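Report on the following structure.
Rule-based calculations on the coordinates, nothing more; no lab input. As the structure is a prediction and not an experimental result, all values here were calculated from the model. Cβ placement follows ideal geometry from the backbone for every residue including glycine, while neighbour counts extend to all protein chains displayed.
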Protein chains: 4
Amino acid sequence: MPITEIYETTVKVYDTDFQGISHYASYYRFYTNAITYFSTKVFGDSLESMAYRGIWFVVVESYSKYHMPAKLGDKLSIEVTAAMINPKAIKYSFRIFRGSDFLTEGYLTMVCVDPKAWKSTNIPDDLAEKFRINEVSK
Amino acid sequence: MPITEIYETTVKVYDTDFQGISHYASYYRFYTNAITYFSTKVFGDSLESMAYRGIWFVVVESYSKYHMPAKLGDKLSIEVTAAMINPKAIKYSFRIFRGSDFLTEGYLTMVCVDPKAWKSTNIPDDLAEKFRINEVSK
Amino acid sequence: MPITEIYETTVKVYDTDFQGISHYASYYRFYTNAITYFSTKVFGDSLESMAYRGIWFVVVESYSKYHMPAKLGDKLSIEVTAAMINPKAIKYSFRIFRGSDFLTEGYLTMVCVDPKAWKSTNIPDDLAEKFRINEVSK
Amino acid sequence: MPITEIYETTVKVYDTDFQGISHYASYYRFYTNAITYFSTKVFGDSLESMAYRGIWFVVVESYSKYHMPAKLGDKLSIEVTAAMINPKAIKYSFRIFRGSDFLTEGYLTMVCVDPKAWKSTNIPDDLAEKFRINEVSK
């Protein structure tokens, strides 16, 4: 079952460009921040500390569709929904809101990689389990 | 008709992350650089100087699919193909090669915007003309 | 009187480079984040919302000295100390700690600018007052 | 003897922020690009390929003073002057010009590091030699 969390952030100066809006690529920082938040909350383990356990997630696909621009200082709510799409990959889908305005949607697909062999590998059971537990509890 | 150009670049330190590869979001800098190159070469006018003439292009969609990682110092050839998908929008498609390795593909869709009204507007004739001229000459 | 606050952050994937450490320029994002935090806490007004009131701060000097590297996932405490160095400028000094390790020190000097005239101007009284109040209360 | 080279670049969209100028931290990308250029030209070896030979340079100090802002599309000439300040460290000094306007000055100090031991080490003779040859030929 997919799992959803909300991450809150604010558009910073370095996110903006001369058009006065959040630069299109800055949303990928927002997504990375949202996944870090999600990971700590749901997996009980940050992406960062997983990296030290030898569990690397490598982005194989990234996408964003921008409906309305975000501006400096805007308070954004980033809804992140994660689901396993196969035993080796998680797809994180995002919807960004400013109040009731629906600004942006997108996704990142990340494959679990064994960094020594640099080969894709199954997502460890304790992480995969979270998606199954979630399914049962609904 | 679509128009194609090749832009060459090198993976810099700030493009990489702890995984020793070019960070997934750094490709969007490569794309922006490739469009700047394309724009100067094909339109005879940089994106930047167009911005001062009041012709803004706003990214409404961005996408990348990463087949193989790029590493620090890799020489990349970025093939950029542009086509008008309607009177207001250009879609730039990218394929990134390292020698014969096909590393990444992606696209950016950019809509022409009148910055004073912050509304989409037709792409100026002198730019749109380039795509028509190109069609005739093939 | 100088005013000091502590901002907490974590080293993210996009902060790192192939050396496995936080890239030297990523610290300037940490500083900007710390100033945003400071501004909201001390001035009761974010840098961002000040920008909309026509109070712009422009960086005229930036400096960092890196004693020890920070790594992915490190929890950093950023001590930010602000003081007016003349009626138009604030100097923000930073010291970054990971637990008791003293990793980095640096500063940013920011000048208040009237964006219409693009000229330096006195820092508004309500902000300058914070430094005076602080002096009295010590 | 110090060695000087000139690197040319253009301010890109992602370099700018909402103030319509090149963001203060973007200059550190300009510096990194200038060093990459310098390294290939003077050392006959890019920083990147040196990294693969196990010669890492780690930034221990960074500084910039911003005299005048740069804007989107500005053509910048970055004068980079390098000198060994001790057997383990190179100081790169920068001056950025737009035509005859002197916009920015700054420096980066980089220490040679053995990545396996993560300890500072002498700069390899073939690189250090460049500074000596240069001295003789003046």
- Query: Straight-line reach from A:Lys130: which lysines have Cα under 25 Å away, leaving out those fewer than 8 places along the same chain?
  - Reply: A:Lys41, A:Lys88, A:Lys91, A:Lys119, A:Lys138, C:Lys12
- Note on the structure: In Å, the Kirkwood hydrodynamic radius from C-alpha pairs for segment A:11-51 sits at 11.3 Å
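What FRET efficiency comes out for A:Asp45 versus B:Glu129 if R0 is 51 angstrom and r is the Cβ-Cβ distance? Round to the nearest 0.05.
Details: r = 56 Å, r/R0 = 1.10.
The computed FRET efficiency comes out at 0.35.
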- quick shape note, the protein assembly as shown: Cα extents on principal axes in Å, largest first -> 59, 54, 54
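Test of understanding: ordering C:Ser100, C:Ser62 by Cβ neighbours within 10 Å, fewest first, what list do you get?
Values: C:Ser100 5, C:Ser62 25.
Ranking C:Ser100, C:Ser62 by Cβ neighbours within 10 Å, fewest first, gives C:Ser100, C:Ser62.
Restricting to bridges with both residues inside segment D:69-138, how much of the DSSP beta-bridge set is antiparallel, in percent to the nearest 5? Please list the in-between numbers first.
Working: 21 of 21 bridges.
Taking every DSSP beta bridge with both residues in segment D:69-138, the antiparallel ones total about 100 percent.
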- Message: Using a Gaussian network model on chain D with a 10 Å cutoff between Cα atoms, which of D:Lys65, D:Lys91, D:Lys116 fluctuates the most?
- Response: D:Lys116
- Can you give the Kirkwood hydrodynamic radius for segment B:1-76, in Å, rounded to one decimal and based on Cα pairs? 14.1 Å
- If you build a Gaussian network model of chain D, linking Cα atoms that sit under 10 Å apart, which residue out of D:Arg53, D:Arg29, D:Arg95 swings the most? D:Arg53
- Put a label point 7 Å from Cα along the Cβ direction on A:Gly44, then list its distances to the equivalent points in the other copies in nm, shortest first. 4.4, 5.9, 6.7
- Query: Please report, for the Cα atoms of chain C, the Rg to one decimal and the Dmax as a whole number; what are they, in angstrom?
  - Reply: 15.7, 49
- Task: Quick one: order A:Ser26, B:Ser77 by neighbouring beta-carbon count within 10 Å, fewest to most.
- Result: B:Ser77, A:Ser26
- For C:Ser77 and C:Lys119 in one chain, what is 0.36 nm times their gap in residues minus the Cα-Cα distance, to one decimal in nm? 11.7 nm
- Message: Running a GNM on chain C with Cα contacts under 10 Å, which residue among C:Ile96, C:Ile78, C:Ile55 ends up with the highest mean-square fluctuation?
- Response: C:Ile55
- Order by neighbour count: B:His23, C:His67, fewest other Cβ atoms within 10 Å first, most last. C:His67, B:His23
- Message: Taking the rotation axis that maps chain A onto chain C, which residue of A brings its Cβ closest to that axis, and at what distance in whole Å?
- Response: A:Arg29, 5
- Message: Please compute the average number of Cβ atoms from other chains found within 10 Å of each residue's Cβ in peptide A:22-30.
- Response: 6
- Message: Taking C:Gly20 in one copy and the same position in all the others, each labelled 7 Å out along Cα→Cβ, what are the pairwise distances from the first, in nm, shortest first?
- Response: 1.0, 4.7, 4.7
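Would you work out the charge dipole size for segment B:23-138 about its Cα centre, treating the Cβ of every Lys and Arg as +1 and the Cβ of every Asp and Glu as -1, and quote it to the nearest 20 debye? It would help to have the intermediate numbers written out before the result.
Details: 15 positive and 12 negative charges, 33 e Å.
About 160 debye.
Just want to confirm a number: the relative contact order over chain C, from Cα pairs under 8 angstrom separated by 6+ residues, in percent. Let's see the in-between values first.
Numbers: 251 pairs, mean separation 40.5, N = 138.
Over chain C, the number comes to 29 percent.
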- Item | Peptide C:62-74 - average C-beta neighbours from other chains (10 Å radius) | 5
